[in-house]
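Take a look at the structure below.
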């Protein structure tokens, strides 16, 4: 609902950054606002891609209410962040000079456990269209962890295997 006390809400787009602002402006409840980095910069109909950084910052107060973001998108966004961070922690990323990044398996274990729990718990609600790629990514980082580890975990005791079963 758009009105004098409620700014226009820009539709959340996959891949948008999200910043937590606290209480939504001009509202008396405890809802949290999320701001899309593609939010409209100002009320003068300047397309976001043509707005200056100053206009984008000024327009972020008219951001997106987190209550308007579908739950599936929130879960998928969190899962993708966990998956990406897991891959980096397993050493699948490169440094700026192109050399392989050193693996941090302690961090990877925590991230993979969180990802496995999220994917397993949310899969029935997400449906196979969304859950299948997440499961594939999870299996990939679990295998990468096994390959990077100098002392392999016994089958069924690797990161996330409590929720997914043994990875071979």
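Throughout, read-outs are computed from the coordinates displayed, never taken from laboratory work. Fair warning: this is a prediction, and the values are worked out from it, not measured in the lab. Glycine gets a Cβ as well: all are built from the backbone with ideal geometry, and neighbour counts include every protein chain shown.
Here are some notes:
- Normalised contact order of the range 71-164, rounded percent, pairs of Cα under 8 Å and 6 or more residues apart: 32 percent
- Scattering from the range 71-164 was approximated by placing one identical point on each alpha carbon and applying the Debye formula without solvent; log10 I(q)/I(0) at 0.20 1/Å stands at -0.90.
- Sorted peptide list for 108-120, 89-101, 71-83, criterion being average Cβ within 10 angstrom, highest first: 108-120, 71-83, 89-101
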